[in-house]
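The values are calculated or read from the model by the stated rules, or taken from the named source; none is laboratory data. Model, not experiment: these values are computed from the prediction. Neighbour counts are summed over all protein chains in view; Cβ atoms, including those assigned to glycine, are modelled from backbone coordinates with ideal geometry. These accessible areas exclude ligands, DNA and RNA; they are computed on the full protein's heavy atoms, side chains included. Shrake-Rupley method; radii C 1.70, N 1.55, O 1.52, S 1.80 Å.
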Amino acid sequence: MDQSAQRNHGCSSGGCACSAAAAGPASSPKRNAYIALGSNLGDRVAMIEQACKELDTRGIKVETDLEPLPLLDQLQDIEKSMGRKKLIDKGPRNIDLDVLLYENESVDHERLKIPHIGIPERDFVLRPLAELIPTKAIYPDRPWRLVQDFLNDLPPSKEPLSTMTPICSSVKPLTALKATRKTQVMAILNVTPDSFSDGGVHTPDSLRDTVLAFIRGGATMIDIGGQSSSPGTPDITAEEEISRVVPVIELIRSIPETHEVAISVDTYRADVAEAAVKAGADIVNDISAGQLDPRMLSTMAQLGKTVCLMHMRGNPGTMSKLNDYPDGIVPTIARELLERVAEAEAAGIRRWRIILDPGLGFAKVGEQNLHVLRHFDELRSWPGLEGFPWLLGSSRKSFIGKITGVPQPMDRIFGTATTVAAAVQGGADIVRVHDVTEMGQVVKMADAIWRY
């Protein structure tokens, strides 16, 4: 069974693992337990998320005051409540919860073995444990042999164990470490009168044709924005933003051809995110990573949808002046995104529900954007950021115009195409574009070269 984790929670191609705790007698001491969650039947991510909700409901968090066997009883009761039926010993099951480790204790009981049998031989167990507790000993009688040591001893696999980031039921999850994955094309649909590139272009009568053209051009996602992020653009109210995006989401959802297309809402407001998801949005794409609305992260967690956290400093009006990176732009972006991820997890957002965006053009000018593109693979592999899927949005941006000498954003197709190809080579999972047909062809060709 596939089982994996990233820090507190993270999904691989079949499951996850976590440090867990459960409520018990108030006088009992708190101790750490590490629980694996696995699934290889049906909607695996949904099963694991349901199990996590059950753990939360029962007060099972980061440390436990339950003894090992009562903890096992709780886990088995969750399995039963979720309809697990054991048809074949060691066979497929919709949900499987196992205690991997419990403090520094060993347990040898007919119902429970701790450490869990087979940990040292299983990459899908060791890898998440190595992210959680790399310097912890698995066996109390061999304290010099650490989790990371066992992982290092495993023979290299043909392909890294990949995380899974769910999008929606009709779109395949993102597998950020799978070398042969296809790059997703996210079409930009700005329903604002003042967007820097395409504001005021779309009308209610033309929207249906526009959406169908996106799909024919290869879009698998549509990102709807109702508030421009251009510098100097005045803020609108949340109510106005909702009135712009919700009818568009409802329209898209009414078109049969969009059944296999994910809808993203480009907003930094919690109220807008909530209304958009209620109308049918699958992704919340926040340029501020939760920094511009104190309710955004908790709302994202409550909505339970996949979110995109972008690197930005300040706000759209101040970001252009906040572009000093004395420690290097890639290390700084990595550090600041790690902070955003930690805040998101603390708010209750599942790690496997997070997409990252380096934020080209946001608190980055000219050469800085090129540096991010050149070193994008370094950012993706930064310690603590490995395994996340990445969205990259370079379409029609001003740094392309300055280099190519093309003043009008709508004419920057060729320059954008080059940055999209670079994004695919660097490992982007999603490219966010205006010119869907042209960039869809670029992505197909780039995938054929680098994702064969």
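Past the 14 angstrom mark, what percentage of all C-alpha to C-alpha distances in segment 272-340 do you count?
63 percent
Can you pull a Stokes-Einstein diffusion coefficient for segment 119-162 at 20 °C (1.002 mPa s), Rh from Kirkwood over Cα pairs, as a whole number of µm²/s?
It comes out at roughly 202 µm²/s.
Can you list the residues, at least 5 places off or on another chain, whose amide H is less than 5 Å from the amide H of Leu385, using H built in the peptide plane?
Long-range HN contacts for Leu385: none found.
Label-point separation (nm) for Glu239 and Ala342, each offset 7 Å from Cα along Cα-to-Cβ?
Taking the simple label geometry, Glu239 and Ala342 are separated by 4.0 nm.
With a/c under 1.5 counting as rounded, go ahead and sort segment 114-269 into rounded, prolate or oblate using the C-alpha gyration tensor (a ≥ b ≥ c being the square roots of the eigenvalues; past the cut-off, prolate if a/b is larger than b/c, else oblate).
prolate
Per residue of segment 314-330, in order, report the coupling 6.51 cos²θ - 1.76 cosθ + 1.60 (Karplus, θ = phi - 60°) as ³J(HN,Hα) in whole Hz, putting x for Gly and Pro.
Calculated HN-Hα couplings, in order: x, 9, x, x, 10, 4, 5, 8, 10, 10, 9, 10, x, 8, x, 5, 5 Hz.
Cα atoms only: what Rg and Dmax, in Å, come out for the chain?
23.0, 73
Would you pull out the residues with amide H under 5 Å of Ala262's amide H, same chain only if 5 or more places away, H placed 1.01 Å from N?
Under 5 Å from the amide H of Ala262 lie the amide H atoms of Met221, Ile222, each far enough along the sequence or on another chain.
Spin-label point model (7 Å from Cα, Cβ direction): what's the Glu67 to Ser298 distance in nm?
For Glu67 paired with Ser298, the spin-label model returns 3.9 nm.
From the P(r) of segment 236-357, can you give the percent of Cα pairs sitting at distances over 23 Å?
Tail of P(r) above 23 Å: 34 percent of Cα pairs.
For segment 386-452, take every pair of Cα atoms, bin their distances at 5 Å starting from 0, and report each bin as a whole percent.
For segment 386-452, the pair-distance distribution reads 3, 19, 30, 22, 15, 8, 3, 0.
How much length is gained if the chain between Ala213 and Glu386 is pulled fully straight, taking 0.36 nm per residue apart and subtracting their Cα-Cα distance, in nm to one decimal?
58.8 nm
Would you mind classifying segment 324-441 by shape? Square roots of the alpha carbon gyration tensor eigenvalues, ordered a ≥ b ≥ c; an a/c under 1.5 is rounded, otherwise it is prolate if a/b is larger than b/c and oblate if not.
Cα axes put segment 324-441 in the prolate bin.
Could you work out the helix-only [θ] at 222 nm for the chain, with each DSSP H run of four or more residues adding -39,500 (n - 2.57) and the total divided by the number of residues, to the nearest 500 deg cm²/dmol?
-11000 deg cm²/dmol
Arg253 to Lys182: FRET efficiency via 1/(1 + (r/R0)^6), r the Cβ-Cβ distance, R0 25 Å, to the nearest 0.05?
0.55
Measure nothing but the geometry: give the 0 to 90° angle between the long axis through the Cα atoms of 270-279 and the longest principal axis through the Cα atoms of the chain, rounded to 10°.
The answer is roughly 90 degrees.
Give me a comma-separated list of calculated 3J(HN,Hα) values for segment 295-300, in order, Karplus coefficients 6.51, -1.76, 1.60 applied at θ = phi - 60°, integers in Hz, x for any Gly or Pro.
Once θ is set to phi - 60°, the couplings for segment 295-300 become 8, 5, 5, 5, 5, 4 Hz.
Give me the percent of the accessible area of the chain that comes from carbon and sulfur atoms, probe 1.4 Å, all protein chains in place.
Answer for the chain is 53 percent, counting heavy atoms of protein chains only.
Suppose accessible area is computed on protein heavy atoms with a 1.4 Å probe; arrange Trp450, Trp390, Trp382 from highest to lowest.
Trp450, Trp382, Trp390
Whole-Hz ³J(HN,Hα) for each residue in segment 94-106, computed from phi via Karplus 6.51 cos²θ - 1.76 cosθ + 1.60 with θ = phi - 60°, x for glycine and proline: what do you get?
6, 8, 9, 10, 10, 7, 7, 9, 9, 6, 10, 9, 10
Counting only heavy atoms of the protein chains, get the accessible area per residue of the chain (1.4 Å probe) and round it to a whole Å² value.
Accessible area per residue: 44 Å².
Please list, ordered by chain and number, the residues whose modelled amide H lies under 5 Å from the amide H of Val365; skip anything fewer than 5 residues away on the same chain.
Correct list: empty.
Rounded to the nearest angstrom and ordered from largest down, what semi-axes does the equivalent ellipsoid of segment 208-306 get from its C-alpha gyration tensor (root of 5λ)?
23, 15, 12
Can you give me the distance in nm between label points at Asp447 and Asp43, each placed 7 Å from the Cα along the Cα-to-Cβ direction?
2.4 nm
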